[in-house]
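Here's the structure we're looking at; comments come further down.
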Amino acid sequence: MFSIEKRVFWPSFFICSGLIFCLSVSSSHDYLGLWLGVFLILIVWLVRRPFSVVTFSLPAIGIILLMLLIFNSITKSDFNNYPVIYFFLTYFFSGFFIISVLDKQQIQFVYYGIVIIFSILSCWAIVQFIFNYAQINYKGVAASVIFANPNTFAAALNLILLPLITIYLFSNKTELSKNYLCFILIFAGLVSTQSRAGWIAFVSGLVCLIILFRFVKNKIPLITWLKIFAGFLAVIFILYGTKAMIVSGPIEITQQPENNIQVLDNSINIAITNKGTRSIQQRIELAKTSLELIKEQPINGIGYFKFIYFYYENLRYTYTHYVHNDYLQYWLELGLPGILIVIFIIFTTYWQGIKYLKIKSSEEKIWVIAIISGLTSYFTHALASYVFYVPILLFIFAGYTAILNKVFVNNKELYSFNVNLNNILQVNFIRLFRILISISILIFLFNFVIAQISYRAGTSMLNAGLIDQASQLFERARRFSPAETQNYLLEADYWKNIALVKNDRKAANHADKLYKKIMDIDIYDVQSRLQRAILHREKSDLLDDTESEKTILSWFLSVLEWQPHHHTVQAEYIRTLVKFGKENQARLLLSNYLKMYPRSKVLNKVSYELSH
């Protein structure tokens, strides 16, 4: 299983090292970590010799079309305030094309390297779940290790776990114990996530695995299945039993539990009942909003990763990038072509996979069953989360499709599309093209790395009171990533506060210039309109270019159209109406707001101001 040859080892070393960098910044989306991951992975693509003939199966064609559609949506967009989308696309691209150039042994070694990584993460997850210890990003009984939340961690575990179970079922006696230990450990990590969507996705993938085994002639002994399910039950009892014996309860629990059984009861209650009701309600509202928006633009979509700008009107929750249903979100953002391509990928994956299992009797059946069962969990999880927007998950998804492509194209009875590269370009030119593409990608992405580092350094300088140095760093960040509003906003807020406190004309004009730039870049940005309106309302005498009362009020109305439940914007709008002599209108509006939000501290403070 782990016999090492140099030819087999080196691709797995670079790919797994790259994925470790990607995993290390899963929650923070630190651009340097993502860039280093891309750099290491692209090395494999550069070194491997190009094929003279490339054949694409139907799922592979769907993946390529989806990449092109995302790329087109990004490039034609008026503004891209979140550079992480370029990393999404790069990892998606890398997963397919880098895995495509590897041979069978190299792919196996890459997979086992990933298994080792997630086995270690599963150990960490178990510690988090049982002891509430070593939590980094997620507060509570659910384990997320270094991921942004337990859901995305569970999705990654399922993509590794289900193929590993398939491999175990085909393993010889010398490999049985190793594979069994690994998938039991990863299953324990999955249980520790407390992710309901993750558990449902796992069950769907397991059912798919069992169904696909109908096409395998050599039947799996009943004792083997019993051993698998006995292991699952043992993991569940051991994890929850151990947690019940630990005195410390979940972080959300404010009172000390009376006994150990209460610890277990609280954990299950939070994971399944209380937390579930709240998150399901939020997902329903998000789905309703996305469906309303889809009706408005069903064909073209609103643009990739732009849901955050369009959903405010009907939701009271904190704004989010995600619908938490990737199929709705792809339809909303990429239009009808986007959802049709995703459906095409899913349909052709199952269609060609089942057809292959029916007509072939080879050891490659294990690849098909393993990957389709893993992808089933992925497709299921996409109904309740944002697994199509996580770099590591996109890489694995595209990589699995590349492996299926390598299997499918060897069978003439399956539909495929051949591209003879010798008739288009010589192999050496193809290699040169790869080098140019890779260098271009790395240089382009490194701009955002420099911008993020400069922004963080500028923030530190600003907090230390070193405004000149901070301004230079913010200016550098804007030069390398001009579309990111955060590179303008922090400095603009600083100069606005100086203008308000010290009546500084230079500070006021500098802040106004930065706010205006943000408004030009991002037509939906809330803070720039809110803060610029306050600046013009309070210190119009300091500004060289003043705006009319009508224009200032229109900024508030625009923001309230996107975020009608934003109490700070409501409060400042009322104060502005009073400032402009429209006190009766302000009092009437405040009265309506207080009926809707009687407990709002911000609105009650405005009410106190008006009454005194």
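The values are calculated or read from the model by the stated rules, or taken from the named source; none is laboratory data. Computed from a predicted model, the values in this text were never measured in an experiment. As a convention, Cβ positions derive from the backbone with ideal geometry for all residues, glycine included, and neighbour counts pool all protein chains shown. We work out accessible area using only protein heavy atoms, side chains counted, and drop any ligands, DNA or RNA first. Shrake-Rupley method; radii C 1.70, N 1.55, O 1.52, S 1.80 Å.
By the rule of a C-alpha distance below 19 Å, with chain neighbours fewer than 8 residues away ignored, the lysines paired with K496 are K506, K513, K516, K517, K539, K579. Normalised Debye scattering of the range 434-585 at q = 0.21 Å⁻¹ gives log10 I(q)/I(0) of -1.28, counting only Cα atoms as equal scatterers and leaving out solvent. Taking a ≥ b ≥ c as the square roots of the eigenvalues of the Cα gyration tensor, the range 11-126 is classed as oblate, since a/c reaches at least 1.5 and a/b does not exceed b/c. Among rounded, prolate and oblate, which fits the range 58-191 when a ≥ b ≥ c are the square roots of the eigenvalues of its C-alpha gyration tensor, a/c under 1.5 means rounded, and a/b larger than b/c means prolate? Oblate, since a/c reaches 1.5 and b/c is not below a/b. Here r is the Cβ-Cβ distance between T551 and R587 and R0 is 22 Å; the resulting FRET efficiency, rounded to 0.05, is 0.40. Modelled label-to-label distance, I437 and D468, 7 Å Cα→beta-carbon offset: nm? The answer from the label model is 4.9 nm. Would you mind finding the longest exposed-site-free stretch of the chain, with exposed trypsin sites (Lys or Arg not before Pro) meaning DSSP loop and at most 16 other Cβ atoms within 10 Å? Maximal segment without exposed cleavage sites: 413-581. Quick one: angle between helix 84-100 and the longest Cα principal axis of the chain, in degrees between 0 and 90, rounded to 10, please. Once rounded, the angle reads 10 degrees.
Rounded to the nearest 10 degrees, the inclination of helix 150-170 to the longest alpha-carbon principal axis of the chain is 0 degrees.
Between helix 505-521 and the chain there is an angle of about 40 degrees, using the helix long axis and the longest principal axis of the Cα atoms. The listed residues C182, C22 rank as C182, C22 when sorted by accessible area, largest first, using a 1.4 Å probe. Structure note, pairs K104/K219; K178/K412; K288/K365; K76/K355: Cα-Cα distances above 31 angstrom occur for K178/K412; K288/K365; K76/K355. Potential lengthening of the chain between S611 and R479 amounts to 42.7 nm, from the contour at 0.36 nm per residue minus the alpha-carbon distance. Taken along the Cα-to-beta-carbon direction at a fixed 7 Å, the label points for T568 and F429 span 5.6 nm. Close amide H pairs (under 5 Å, H built 1.01 Å from N) link A148 with S27, residues at least 5 positions away or on another chain. Which entry in (1) 10; (2) 18; (3) 24 is this structure's computed percent of Cα pairs over 50 Å apart? Answer label, from the structure shown: (2). Subtracting the Cα-Cα distance of I366 and K76 from their residue separation scaled by 0.36 nm leaves 100.2 nm. For the set H536, H29, solvent exposure ranked by accessible area (probe 1.4 Å, protein chains only) runs largest to smallest as H29, H536. For the range 390-405, 3J(HN,Hα) computed residue by residue from phi via the Karplus equation (6.51, -1.76, 1.60; θ = phi - 60°) reads 10, x, 5, 6, 5, 4, 5, 4, 5, x, 5, 5, 5, 5, 4, 4 Hz, glycine and proline entered as x. The residues of the chain expose, per residue, 45 Å² of accessible area to a 1.4 Å probe. Secondary-structure-derived ellipticity at 222 nm for the chain, considering helices only, amounts to -24000 deg cm²/dmol, per-run term -39500 (n - 2.57) for DSSP H runs with n ≥ 4.
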